[in-house]
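Just below is one structure, and these are the notes that go with it.
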Amino acid sequence: MLPIILLFFVLIVLLLLFLLHGRAGDVKNGSESANFYVQAVKLIDSLQSGETAGVENILASIMEADSEKKEIYVIFGNVLREKGYIAEAIKVHKSVLHRPNLENKFKGWALSSLAEDFRLAGMLERAVRTYRDAFNLNPGDSGLLRRYAHLCKQVGDYEKLLSLMDVMAKGKILNEEKYRMEVAFIYNELGEQAAKEGEFSKAETNFRKALKLNAKVYPAYLNLAKLSVEKGDKIGLARKHLEELFRQVPDKAFLGMNLYLRISPGQFEELCHSLLNRNADDWRTRLHLSRYYIQQDRPDAAFPELIKAMQSMPHVLLVHQEIWKFLMQYPKKQEYLKEYAIQTDKIMVFNAPFMCVDCRYKSSEFLWKCPSCFGWNTFVESKI
Amino acid sequence: MHSGKKVKLTLTPAPDHTGVVFRRVDLNYFPIKADIKYASRLSYATNLSRNGVSIATTEHLLGTLIGLGIDNVFVDIDAEEVPIMDGSASAFVYLINEAGVRHGDAEKKVLNVLKPVHFAVGDRRVSVYPAENYKITYSIEFDHAVVGSQTKTIGIDTASIFENEISGARTFGFLKDVEMLRKNGLALGGSLDNAIVIDTDRVLNSHLRFKDEFVRHKILDVMGDMGLLGYSIRGHVVAHRAGHEIHAGLAKKIRESQAAFEIVPLSALVKHADARNAMEEAAELSSQY
């Protein structure tokens, strides 16, 4: 949705500029300008009413009347691309770029439009090259920067992304808080890449950088703990990282609980209780705690935790699945089944309650990185 | 798309009578011909495998080659999956047109359908009937507010019809299935940039490229799968609620029914058609006077 909104926003602003320009030149070239005015009004009218079907025809007739309006060509190409005519869009954008004596700023804009054609066609290497050239010509364009950054996330070029973030921060395109969050997540990604390649100390440095920038970047704690376990079995250190996660970001504690149970089973129950004291609705912790009780064959302790978890978060399938597993494991305890039936009667159930606030991607599980728009920390739990 | 890995794919000119041959660059150019006998694992995409080596998600590229009339080409690829691009054939079309197509010396041959062939599983079915050109009728039916029922008939007479009407249509999937795929380690490279994703009540992408983009994409799929017969078809393919398995089932059945088709030079068919037209014109003339 965002690109098309942006596209039309740019379109409208440009047209308004043209209109003003056109009015000023009325004396010289009255009828042509009047015609352009009519076309532009038509265009704005169809855009504001959400009717985009005939947009390319209106643009085509403006271009026919005056082939010097090269900006319209770029927009025309963008409209074609958004409608799926990618080969046509590329052709239009390339033809504009072949014109003589283009200013750098315009050339950068047209190039970035071409780059977006390549990106949407799946030709990612060409897109990267073209965005790089566009950026060099027009480094201050915020739309270009955002789209280039998006591409870097898509292809996993986090080094480049870091430098773009700096440019965006300097240009006040990103505010300080957002900048620190994004950059911290980037360092976390760089750390994960290094860890995958076996460069453990580089990985550790990056995870630490992430946390220094933003202590709430929870995957970095988890990654540091994993690293400590894998690298040299430094259990004590791993526990410290996890405890820091629980302290700093208690609502994401569940991400580290399995590892904590593995390396520190003696403290697990106490941890769960301290988290629940802080937040009684922490259904994830309740699930972990119930699993722990089941492992120890303490069904009477486990079941109330399961029911409380369900009451806190009734529309998560996972909670019900845990209860079903429990009921199958203890088939003779009819009173549990009865209690579950009574409780479910009081609730409504939905299936995919986790949603990305940026692109509305839905998932039945919490994700800290959106697989659809590549945004970090964009998932929320939709509540009844 | 499924593996989420970076892939390098190169189309290299091939001598006449080669057909479409995939070569795994990473496995010493191990060749697998795009032929129905190598079709395997057909649930979400059409994969080819020979001696344990496979190439996945071949259908959009094969559909493009058929649509643009390319008979001989080496598809060199350094991974086991053809890149998804934007979920449609438009990037392949663009890149092939940019590179250009070389005409071989041999005469173009086509598979001319002589008798109807049918293949069905339950009410999912596909048939092919004799016809003068390559024509496809496809209908889909989903119990879903956004997709619903769609039917389209199209004659793939020229490359430009394929380019304008079919190549831009993207693959589609339902959000709940996408999540299931992801859980099973598939669709790892999948996003709104390379598929239409349909939620319970709406399309997650900003908009559709065609009102009936879904059925158009199915036409691309069936073109790719029928391309595994090795020739462009002269016949009318009619599919209802079909999928890769059903398409491949028909292709196999056609291959086995020797009496149902002939492989002939395109020019012979053109002559037939010309002769028939001339006869019809003559008949019309004689009736007029």
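In the set B:V93, B:V75, only one residue is farther than 28 Å from B:D177 by Cα, within 14 Å of chain A (Cβ to nearest Cβ) and either in contact with a Lys or Arg (Cβ under 6 Å, 6 or more places away or on another chain) or surrounded by 17 or more Cβ atoms within 10 Å (Cβ to Cβ) (or both); that residue is B:V93.
Out of A:Y85, A:Y148, one residue alone is in contact (Cβ under 8 Å) with a residue 12 or more places away in the chain and not aliphatic (A, V, I, L, M). It is A:Y148. Report, by residue number, each residue of the range B:1-41 that is of a type outside the set (S, T, Y), open to solvent by less than 30 Å² (accessible area, probe 1.4 Å) and over 30 Å from A:K153 (Cα atoms). The answer is B:A14, B:G19, B:V20, B:V21, B:F22, B:I32, B:A34, B:D35, B:I36, B:A39. Filtering B:K115, B:K109 for residues that are surrounded by fewer than 17 Cβ atoms within 10 Å (Cβ to Cβ) and within 18 Å of B:R234 (Cα to Cα) leaves a single hit, B:K115. Checking each residue in the range A:169-179 for being touching a residue at least 24 places away in the same chain (Cβ under 8 Å) and surrounded by fewer than 19 Cβ atoms within 10 Å (Cβ to Cβ) picks out only A:G171. Which of the residues that make up the range B:145-175 are more than 24 Å from B:F261 (Cα to Cα) and surrounded by fewer than 14 Cβ atoms within 10 Å (Cβ to Cβ)? Passing the criteria: B:A145, B:G148, B:S149, B:T151, B:S160. Checking the range B:57-70 against the condition returns no match, with no residue being more than 23 Å from B:P13 (Cβ to Cβ), surrounded by 22 or more Cβ atoms within 10 Å (Cβ to Cβ) and modelled with pLDDT of 95 or more. Yes or no: the range A:69-77 includes at least one residue that is touching a helix residue (DSSP H, G or I) at 6+ places or on another chain (Cβ under 8 Å), modelled with pLDDT of 80 or more, more than 24 Å from B:N194 (Cα to Cα) and of a type in the set (D, E). Among the residues of the range A:69-77, at least one is touching a helix residue (DSSP H, G or I) at 6+ places or on another chain (Cβ under 8 Å), modelled with pLDDT of 80 or more, more than 24 Å from B:N194 (Cα to Cα) and of a type in the set (D, E), which makes the answer yes. Looking at A:L97, A:L111, just one residue is touching a Lys or Arg at 6+ places or on another chain (Cβ under 8 Å), under 22 Å from A:N136 (Cβ atoms) and either surrounded by fewer than 21 Cβ atoms within 10 Å (Cβ to Cβ) or away from every other protein chain (no Cβ under 11 Å) (or both), and that residue is A:L97. Within the range B:78-90, the set of residues being of a type in the set (A, V, I, L, M, F, W, C) and more than 9 Å from chain A (Cβ to nearest Cβ) comprises B:A79, B:V82, B:A89.
Residue-by-condition table, conditions (1) touching a strand residue (DSSP E or B) at 6+ places or on another chain (Cβ under 9 Å); (2) under 23 Å from A:E88 (Cα atoms):
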{"position": "B:F74", "(1), (2)": "yes, no"}
{"position": "B:I77", "(1), (2)": "yes, no"}
{"position": "B:E81", "(1), (2)": "yes, no"}
{"position": "B:I84", "(1), (2)": "no, yes"}
{"position": "B:G87", "(1), (2)": "yes, yes"}
{"position": "B:A91", "(1), (2)": "no, yes"}
{"position": "B:G100", "(1), (2)": "no, yes"}
{"position": "B:H103", "(1), (2)": "no, no"}
{"position": "B:L111", "(1), (2)": "yes, no"}
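On inspection, A:L145 fails the criterion of being assigned to a helix (DSSP H, G or I), in contact with a Leu (Cβ under 8 Å, 6 or more places away or on another chain) and modelled with pLDDT of 95 or more.
The values are calculated or read from the model by the stated rules, or taken from the named source; none is laboratory data. Small disclaimer: the values here were computed from a predicted structure and weren't measured. As a convention, Cβ positions derive from the backbone with ideal geometry for all residues, glycine included, and neighbour counts pool all protein chains shown. Side chains are part of the model used for accessible areas, which takes the heavy atoms of the whole protein and leaves out ligands, DNA and RNA. Shrake-Rupley method; radii C 1.70, N 1.55, O 1.52, S 1.80 Å.
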